[in-house]
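The values are calculated or read from the model by the stated rules, or taken from the named source; none is laboratory data. Just so you know, these numbers come straight off a predicted model, no measurement behind them. FYI the Cβ positions are ideal-geometry reconstructions off the backbone, even for glycines, and counts take in every protein chain you see. Quick note on the areas: whole protein, heavy atoms, side chains included, nothing else; ligands and nucleic acids left out. Shrake-Rupley method; radii C 1.70, N 1.55, O 1.52, S 1.80 Å.
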Amino acid sequence: MRSPRIGARLGGALAAVVLAGAGLAASGPTARAHAPASSFADVVPAPVKATPNAAVTFAVTSGTKIYTQPGSAEAAGVGSYLGELLRRPTGFPLPVSPSAGTPAGGISLLLTGADPAVGEQGYQLETTADKVVIRATKAAGLFAGVQTLRQLLPAAVESTTVKPGPWTVPGGSVLDHPRFGYRGAHLDVARHFFPVQTVKRYIDELAAYKINNLHLHLTDDQGWRIEIKSWPKLATYGGSTQVGGGPGGYYTQEQYKEIIAHAASRHMTVIPEFDMPGHTNSALASYAELNCNGVAPPLRTDIEVGYSSLCINKDITYKFVDDVVREISALTPGKYFHLGGDEAHATSEADYNTFMTKVVPIVTKYGKTAIGWHEAAKTKPDLPTSTVLQFWDTKSSNPAVAAAAARGNKVLMSPANKAYLDMKYNANTPLGLSWAGYIEVQDAYNWNPATYAQGVGESSVFGVEAPLWSETLKTLSDIEFMAFPRLPAIAELGWSPASAQNWDAFKQRLGAQGPRWAAAGINYYKSPQVPWRTGTTDPEPGACDNPAWDRVKVYTGGTAVSHGDREWRAKWWTQGDEPGTTGQWGVWQDLGACK
Ligand code: TNX
């Protein structure tokens, strides 16, 4: 039976003062049909300062316009992104045009008048009864402000089909800026290969939590995932398989550029990683001459680590590294190049020193700054202080990293027992590994990046990153299950002031994200530690008699489902293609409104 629709109504302004350090009140919007209002108290990462004005709300309507800073193509870009985001669920036209003012009925994105405290990545947002104004000094700040605005709208704003609204934004103002300039997510596309579409979608999901760097682990023992024109077999042969023996794959240089462009449109920088001298079996298998004995080993599809090494004393090794770093650097606008350096158990200490000492200058020669996993801290002679070290230890004492920090090297914090998204949540988690322990959401949240590693204080911390290794992960749905809800926890540690860190408040905010993920079709782990909000969840509870459409299910031609109060029939095999989504080529037949 079809359940009666409850009429949506304006939820009224929700008053909840959010101030850094203050306990965040759990706002309790009454569950309404499709669009209960949201609250400043629900925003993840928590803003530095938010001052609600319970007396007013702003409603996005069919007459709302988006105005952007005149003369700024970047601000216009953020405006069109916002327009795209809001047109899907509202169905409103939301035209975007330049205006230096703040016209009534508008959402203005301006690069003038921001409090200097916002810096280069922060923003101010003000909602009054007739407008929303976001101000920043740079487009990156406007983009961050748009992510906050998005969370101030009802959860149904994440739906990819038109919903009834109302599209209410609570009144008030926000002043916000990040604790760390670098907030990263890492994705291992080597152990299992993920197509461009999957990476783009993950980028979109990360951007919603103000992550601004995507570290792509492009090469490893089991697969080489990027076309290198001067060494073509790396991709065509070295990329031809993956963990478990599937067909693998690789990005052409054009596809890699497409990923970078998509990330840039989300104000995110791609950091490419070519992991060396270990984790190189796919390269060694592709070119016999890279091996000390001149014999190519077989491709590997298991998950062992630490057995491969480039041949440190061969000249061709450095020609190879130079070519790869040159080609990838030329494609990558970002400043950083990750050269790996982890788990080089098949390389002697002397050879490791020789190798790193030769390779860091190659990265510099092509205009990039090197990042290495923390083992690189042991290199003798000391690496230049510009080299960033990525800390992935499970112990807080790492003397080599502390010594490097004392010399001036910056440290990117990804402790494996806190920030590794590939660790299982608990013993029953179907995906993931457990060598660094189980990581429940509270574990992922309860640590301080500036006190975790001895000798690595706030001023030495380059930023925070959440790595996602893919030995056990094969699909977007797998990625999402491991990243949500832990990724937003790490994102908050990277963005919000340390004084705002409070698990009891955070779990409430996190609970408010559940209906958003459900509306967006994001697969997530429903941790029992989190009070998940209900009321508007799920990509359409069964509105008709048919089972509700499920994004992760495989449908064959003829299957009927309910979605968005309509009935649909799969025309042929489909998975993840949402009924009614524009741009799909009719994989679902619309059978009309439910009766
Ligand atoms: C350790 S973390 C690795 C990776 C594995 C990961 C699995 C690091 C720098 N190296 O090679 O994929 O553990 O959790």
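Structure notes:
- In the full protein context, the stretch 344-443 carries 39 Å² of accessible surface per residue, based on a 1.4 Å probe and ignoring ligands, DNA and RNA.
- Dimensions of the stretch 49-176 from C-alpha coordinates, computed as largest minus smallest value along each principal axis and given longest first, are 39, 32, 23 Å.
- Solvent-accessible area of T534 with every protein chain in place, 1.4 Å probe, in Å² to the nearest 10: 110
- Compared with the dominant Cα axis of the chain, that is its longest principal axis, helix 253-265 is turned about 40°.
- In terms of the mean number of neighbouring beta-carbon atoms within 10 Å, the peptides 480-487, 339-346 order highest first as 480-487, 339-346.
- Of the peptides 398-406, 203-211, the ranking by mean beta-carbon count within 10 Å, highest at the top, reads 203-211, 398-406.
- Comparing P430, A483, V464 along the charge dipole axis of the stretch 387-498, the residue lying farthest to the positive side is V464, per the Cβ-charge model.
- When shorter helices are ignored and each DSSP H run of at least 4 residues is given -39500 (n - 2.57), the per-residue value for the chain at 222 nm works out to -7500 deg cm²/dmol.
- Local electrostatic count, E349, Cβ distance below 15 Å [Lys/Arg +1, Asp/Glu -1]: -3
- For the stretch 136-258, the Kirkwood radius over C-alpha pairs fed into Stokes-Einstein at 37 °C and 0.692 mPa s yields D = 191 µm² per second.
- Mean projected area of the Cα convex hull of the stretch 297-389, taken over all directions, amounts to 6.6 nm².
- Unit charges at the beta carbon, dipole of the chain: most positive-side option, A403, V56, L206: V56
- Interatomic Cα distance distribution for the chain, bins of 20 angstrom, percent: 20, 52, 25, 2
- Farthest toward the positive end of the dipole of the stretch 126-244, out of P232, P154, L218, is the Cα of P232, where the dipole comes from beta carbon charges about the Cα centre.
- Apolar share of the accessible surface for the chain: 54 percent from carbon plus sulfur atoms, 1.4 Å probe.
- Per residue, the stretch 132-238 exposes 20 Å² of solvent-accessible protein surface, assessed with a 1.4 angstrom probe and all protein chains in place.
- Per-peptide average of other Cβ atoms within 10 Å, ordering 235-248, 289-302 highest first: 235-248, 289-302
- Debye log10 I(q)/I(0) at q = 0.21, 0.22, 0.23 Å⁻¹ for the stretch 468-515, Cα point scatterers: -0.78, -0.82, -0.86
- If you bin all the Cα-Cα distances of the stretch 182-497 at 10 Å, starting from zero, the percentages per bin are 6, 29, 38, 23, 4, 0.
- Note that the stretch 197-342 carries a Kirkwood radius of 15.6 Å, evaluated over its alpha carbons pair by pair.
- Rule-of-thumb Rg ratio for the stretch 369-434 [Cα; 2.2 N^0.38 Å; N residues]: 1.31
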